[in-house]
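The values are calculated or read from the model by the stated rules, or taken from the named source; none is laboratory data. Everything numeric in this text was worked out from a predicted model, so none of it was measured. Every residue, glycine as well, gets a Cβ built from its backbone with ideal geometry; the counts of neighbours run over all protein chains shown.
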Amino acid sequence: MRRITVLLIGMALISSLFAGRYAGDFMEIGSGIKSISMGGAYTSIADEGSAIYWNASGIAQIRDNQVFAMRAFLYNGLASYDNISYCHALPNGVTIGANWTRLTIDDIPIFSESHLVGTNIDQRSAFAELQLTAIPDGKFKSTDDLFQFAFAKHIHQDADLGWYLFVLPIDYYLGINFKYIKRQMFEYSGDGTGFDASFLLKTNFGVLIDQEWMGTIATGMNIQDISGTNITWDTQSRHQDEILFNTKFGISYNQPLPALESDFTIAYDKDFVYDKTDHFGAEFNYKNKAQLRMGVYDGNFAAGVGIALSRVDVDYAFVTNNLGNTNRVGLTYKF
């Protein structure tokens, strides 16, 4: 069964050379731990390193320097998924960041069938040496790399809504994300570049409706591959795969729980590519020391925990998938 699954995944990857509309699907897996454990409902939260993928404007919320590293094994261990990000805070509300994500599939079998060239069905039926043995002629590795470089800016404004006789605090976050994609399959490789633009807006909902006990509402949008992103392969035809334009939209609400010295967040996201995917997520944050998370998206369930240990955050996520459930573990170091 393992060999069959590897073969099917390998066939799907190779077929992308000819069905280019799905060339960027490996990026749909999603970077990070917190984000994926909330079901990908993260566009309006985006407050740690994986924001470079989900909504680059959100890294402007990061006012220290931090490094994040993650590893996961997908499809019952048939593929590995790695993610490393670095965010660096600058003066005047500016943060820059870099992110590297890699999907690797090893031991994809090759069936060249070169010994069958020039034969017919009668010969293949009559001679054992011309029959298929189901033994591969070799194996190869497939890798997909995504490199991202992000810039984000925070702008604060106190909006004077005079006719209501109050001042509404609004925080704007604007970001741009440049990406380089490198794919390697068998003896072929392809690459391409693109960029995303994003924003995030937060305000105090309690001030807006004159209820001091209420918390913060946020909305965000990430417009991906604005200029059109193509993967150009080093084949003789210089075949190109198109990565589809996508928009991620999200909204979230954070409610303080003063009696518990904690807070609770609920979030919703929608992807507008393909058949439009809905994402729902929630997080309970206890004293900024421990977090419980859960989410659902596209028929899948996710859950996770986070623990803050001085300068180090440890995060874990469990994600269901029809190709096999996944465990993700990640570390964030802040300095």
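Whether a residue is under 24 Å from His156 (Cβ atoms), surrounded by 15 or more Cβ atoms within 10 Å (Cβ to Cβ) and of a type in the set (Asp, Glu) was assessed, and Asp263 passes this test. Against the criterion of being in contact (Cβ under 8 Å) with a residue 40 or more places away in the chain and farther than 28 Å from His239 by Cα, Phe199 qualifies. The test for being more than 17 Å from Tyr316 (Cα to Cα), at pLDDT below 60 and either of a type in the set (Asp, Glu) or under 14 Å from the mean Cα position of the chain (by Cα) (or both) holds for Gly24.
In the stretch 236-260, the qualifying residues are those that are more than 30 Å from Leu292 (Cβ to Cβ) and charged (D, E, K, R), and the one that is surrounded by the fewest Cβ atoms within 10 Å (Cβ to Cβ) is Arg238. So which residues in the stretch 93-110 are modelled with pLDDT under 95, closer than 30 Å to Phe151 by Cα and in contact with a Lys or Arg (Cβ under 8 Å, 6 or more places away or on another chain), if there are any at all? Correct list: Thr104 only.
Scan the stretch 111-159 for residues that are at pLDDT below 90, of a type in the set (Val, Ile, Thr) and either in a loop (DSSP other than H, G, I, E, B) or under 28 Å from the mean Cα position of the chain (by Cα) (or both) and the total you get is 4. Looking across Gly190, Gly206, Gly175, one residue alone is part of a helix (DSSP H, G or I) and surrounded by 16 or more Cβ atoms within 10 Å (Cβ to Cβ). It is Gly206.
Exactly one residue out of Tyr86, Tyr42, Tyr81 is part of a strand (DSSP E or B) and touching a helix residue (DSSP H, G or I) at 6+ places or on another chain (Cβ under 7 Å): that is Tyr81.
When Thr119, Thr104 are checked against the criterion of being over 24 Å from Leu74 (Cβ atoms) and among the hydroxyl-bearing types (Ser, Thr, Tyr), a single residue qualifies: Thr119. Filtering the stretch 277-293 for residues that are touching a helix residue (DSSP H, G or I) at 6+ places or on another chain (Cβ under 8 Å) and among the hydrophobic types (A, V, I, L, M, F, W, C) leaves an empty set.
With respect to (1) touching a strand residue (DSSP E or B) at 6+ places or on another chain (Cβ under 8 Å); (2) at pLDDT below 95, the lone exception for Ser44 is condition (2). Filtering the stretch 195-241 to residues that are small (Gly, Ala, Ser) and at pLDDT below 95 leaves Gly206, Ser227, Gly228, Ser237. Kindly establish whether Phe335 is within 16 Å of Glu48 (Cβ to Cβ), out of contact with any Phe, Trp or Tyr (no Cβ under 8 Å at 6 or more places or on another chain) and among the aromatic types (Phe, Trp, Tyr). It is true that Phe335 is within 16 Å of Glu48 (Cβ to Cβ), out of contact with any Phe, Trp or Tyr (no Cβ under 8 Å at 6 or more places or on another chain) and among the aromatic types (Phe, Trp, Tyr).
Annotation: Leu168 fulfils all but one of (1) surrounded by 14 or more Cβ atoms within 10 Å (Cβ to Cβ); (2) more than 17 Å from Gly206 (Cα to Cα); the unmet one is (2).
Checked against (1) at pLDDT 95 or above; (2) out of contact with any helix residue (DSSP H, G or I) (no Cβ under 9 Å at 6 or more places or on another chain), Ala317 meets all criteria but (2). In the set (1) crowded, with 16+ Cβ neighbours inside 10 Å; (2) touching a strand residue (DSSP E or B) at 6+ places or on another chain (Cβ under 6 Å); (3) over 22 Å from Tyr172 (Cβ atoms), the condition left unmet by Leu200 is number (3). For Asn222, the conditions (1) farther than 15 Å from Tyr180 by Cβ; (2) in contact with a strand residue (DSSP E or B) (Cβ under 6 Å, 6 or more places away or on another chain); (3) surrounded by fewer than 18 Cβ atoms within 10 Å (Cβ to Cβ) are fulfilled apart from (3).
Residues considered: Tyr172, Tyr188. Of these, the only one that is more than 30 Å from Asn65 (Cβ to Cβ) and out of contact with any helix residue (DSSP H, G or I) (no Cβ under 6 Å at 6 or more places or on another chain) is Tyr188.
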